[in-house]
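The values are calculated or read from the model by the stated rules, or taken from the named source; none is laboratory data. Here the structure is a predicted model, which means the values were calculated and not measured. Because the Cβ atoms are built from the backbone with ideal geometry, glycine has one as well, and the counts that use them run over all protein chains shown. The area values use the complete protein model at the heavy-atom level, side chains included, leaving out ligands, DNA and RNA. Shrake-Rupley method; radii C 1.70, N 1.55, O 1.52, S 1.80 Å.
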Amino acid sequence: MTKSVKHTPRAAFTLVEIMIVVVIIGLLATIAIPAFKRLAEKSRVTAFANDLRTLRSAVEIYNMENADYPADSSTGTFPPELAGYVKQNLFDNETPVGGRWDIEYNDSGITSGVGVHISPFTERTVKLLLLVDAEIDDGIPETGGFRQLANDRYYWVIEPYIEP
C-alpha cells in the first residue's frame, strides 16, 4: 500500500512582498532623513546661542565686578580673567557651529565682544550663523548685537567702540 505524501506549503514572503517593504522603507527614509538633518541643525544653532549667552553674561558680570572687560584673547584661548565666571572647557572644544571662541577687547571696531572665529568659512557656516542671528538678534549680520565683524568672525557686541 502506498501512502500519499502530503506537501504543506512553506510560510515565506514572496519577492513582490519583499519589494513592497523595501519601497516603503525607502519612502520613509526619504521623509525622515531631511527632517533629522533640520533637527540636528536646529540643535547646533540653539547650543551655540546658549553658549554665546553664557559667555556674554560672564563677560558682563566680570565687567560689573571689575569695572573693565577681560583682555583680548587669541582665538580658542581661555582668558584667565574669566576663570570662576565660566568653565574653561567651553573654550577647549570647537563651537557647535564650528570654529573657536574668541574674546575681543578694543579690537575689530568694538570695545568688547564675544564670538567665534571660523576657518574654513563655508556656505553651511554662513547658513548656521544666519539662523543664530535670527534666533538671538535681528537676523541681519551687519546690524544688531550679533554681527559679522570680519569675513570669518561673528561676535555678540557687548559694548561698541566709543570715541574717547
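Brief remarks on what is shown
- Any chance TYR69 is touching a strand residue (DSSP E or B) at 6+ places or on another chain (Cβ under 6 Å), open to solvent by less than 60 Å² (accessible area, probe 1.4 Å), of a type outside the set (S, T, N, Q) and under 28 Å from ASP137 (Cβ atoms): yes
- The number of residues in the range 125-150 being in contact (Cβ under 8 Å) with a residue 60 or more places away in the chain and either closer than 22 Å to ASN106 by Cβ or in a loop (DSSP other than H, G, I, E, B) (or both) comes to 1.
- Among residues of the range 76-101 that are over 15 Å from ALA58 (Cβ atoms) and of a type in the set (Lys, Arg), those with a beta-carbon under 8 Å from a residue that is open to solvent by 30 Å² or more (accessible area, probe 1.4 Å) and in a loop (DSSP other than H, G, I, E, B) at least six positions away or on a different chain give the pairs ARG100/THR75; ARG100/GLU94.
- Of all residues making up the range 45-90, the number that are in a helix (DSSP H, G or I) and out of contact with any helix residue (DSSP H, G or I) (no Cβ under 9 Å at 6 or more places or on another chain): 11
- VAL97 falls short of the stated requirement of being at pLDDT 95 or above and either at positive phi or hydrophobic (A, V, I, L, M, F, W, C) (or both).
- Qualifying residue in the range 44-62 (condition: open to solvent by less than 50 Å² (accessible area, probe 1.4 Å), over 28 Å from ASN151 (Cβ atoms) and not charged (D, E, K, R)): yes
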